[in-house]
1. Take region 51-67 and flag every residue that is of a type in the set (D, E, K, R) and either touching a Phe, Trp or Tyr at 6+ places or on another chain (Cβ under 8 Å) or under 23 Å from CYS3 (Cα atoms) (or both).
2. I'd like to know if region 27-42 contains one or more residues that are on the phi > 0 side of the Ramachandran plot and over 13 Å from the mean Cα position of the chain (by Cα).
3. Restrict the check to region 12-32 and report whether at least one residue is open to solvent by 50 Å² or more (accessible area, probe 1.4 Å) and touching a Ser or Thr at 6+ places or on another chain (Cβ under 7 Å).
Amino acid sequence: MNCFHCGNKLGRGDMCLTCGQDVRLYKRIVACSWHYYDEGLARARQRDLSGAVESLQNSLFLYKKNT
């Protein structure tokens, strides 16, 4: 995962080692986006296409680069 501010690779901590930005909220938003993405794929496998579309739209709403 890359820092939203400077674009450098992030470590496990809550701060970017290069620019010093707090990335806790950013990491949480990206994790929620991935959760909705996985949920959408699971619903698509179960043939619940309207639910899959809703979950995938929520994923993109949170993090537009999660395609």
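The values are calculated or read from the model by the stated rules, or taken from the named source; none is laboratory data. All figures in this text were calculated on a predicted structure; none of them were measured in a lab. Don't worry about glycine lacking a Cβ; one is built from the backbone with ideal geometry, like all the others, and counts go over all protein chains shown. We work out accessible area using only protein heavy atoms, side chains counted, and drop any ligands, DNA or RNA first. Shrake-Rupley method; radii C 1.70, N 1.55, O 1.52, S 1.80 Å.
1. LYS64, LYS65
2. The answer is no; no qualifying residue exists.
3. no
For (1) free of Cβ contacts under 8 Å to residues at least 40 places away in the same chain; (2) among the small types (Gly, Ala, Ser); (3) touching a Gly at 6+ places or on another chain (Cβ under 9 Å), each residue gets a yes or a no:
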{"site": "CYS3", "(1), (2), (3)": "yes, no, no"}
{"site": "CYS16", "(1), (2), (3)": "yes, no, no"}
{"site": "GLY20", "(1), (2), (3)": "yes, yes, no"}
{"site": "VAL23", "(1), (2), (3)": "yes, no, yes"}
{"site": "ILE29", "(1), (2), (3)": "yes, no, no"}
{"site": "HIS35", "(1), (2), (3)": "yes, no, no"}
{"site": "ALA52", "(1), (2), (3)": "yes, yes, yes"}
{"site": "LEU62", "(1), (2), (3)": "yes, no, no"}
{"site": "LYS65", "(1), (2), (3)": "yes, no, no"}
